[in-house]
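Here the structure is laid out as structure tokens; the discussion comes afterwards.
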Amino acid sequence: MKFPFAEDTLGQKLEAGTGLSVYCLTCKSTAVLDLAEMVKRFGRDQPCMHWDLIKIIYCHECRAAGRDDRNLQFTNHALAPEKRRRDG
């Protein structure tokens, strides 16, 4: 792993093997995001900070019901120590 460690793009998150989930504060639904699919769709260089993701991700349930569909919270998921790749 290179230092300083940064995960500010989808490609960096995918390379690091970490995860991302989204929670809708309006309807309380939760989803684990498929980072590999997001990289295919938006590109490796797509920024993945909250203010960047809120522009491209919305709650499908709230959109269908005509409610605020961007009232979202994102959570980063780290790998457990036993799941980390060991180099050397």
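Using θ = phi - 60° in the Karplus curve 6.51 cos²θ - 1.76 cosθ + 1.60, the 3J(HN,Hα) couplings for the range 11-19 round to x, 5, 5, 5, 5, 6, x, 8, x Hz; x is entered for Gly and Pro.
Counting only Cβ charges, +1 for Lys and Arg and -1 for Asp and Glu, the dipole size of the chain around its Cα centre is about 100 debye.
Report D for the range 35-74 in µm² per second (integer): Stokes-Einstein, Kirkwood Rh on Cα pairs, 4 °C, 1.567 mPa s.
Working: Rh = 11.1 Å.
After rounding, the answer is 117 µm²/s.
In this structure, residue 18 and residue 55 have a Cβ-Cβ separation that, at R0 = 25 Å, corresponds to a calculated FRET efficiency of about 0.75. In terms of the mean number of neighbouring beta-carbon atoms within 10 Å, the peptides 61-73, 16-28 order highest first as 16-28, 61-73.
Within the range 10-79, all pairs of alpha-carbon atoms sorted by distance into 5 Å bins from zero give the percentages 3, 17, 28, 25, 16, 9, 2, 0.
Since every read-out is calculated from the coordinates, none of them should be taken as a lab result. Keep in mind it's a predicted model, so treat the numbers as computed, not measured. We place every Cβ from the backbone using ideal geometry, glycine too, and count neighbours over all the protein chains shown.
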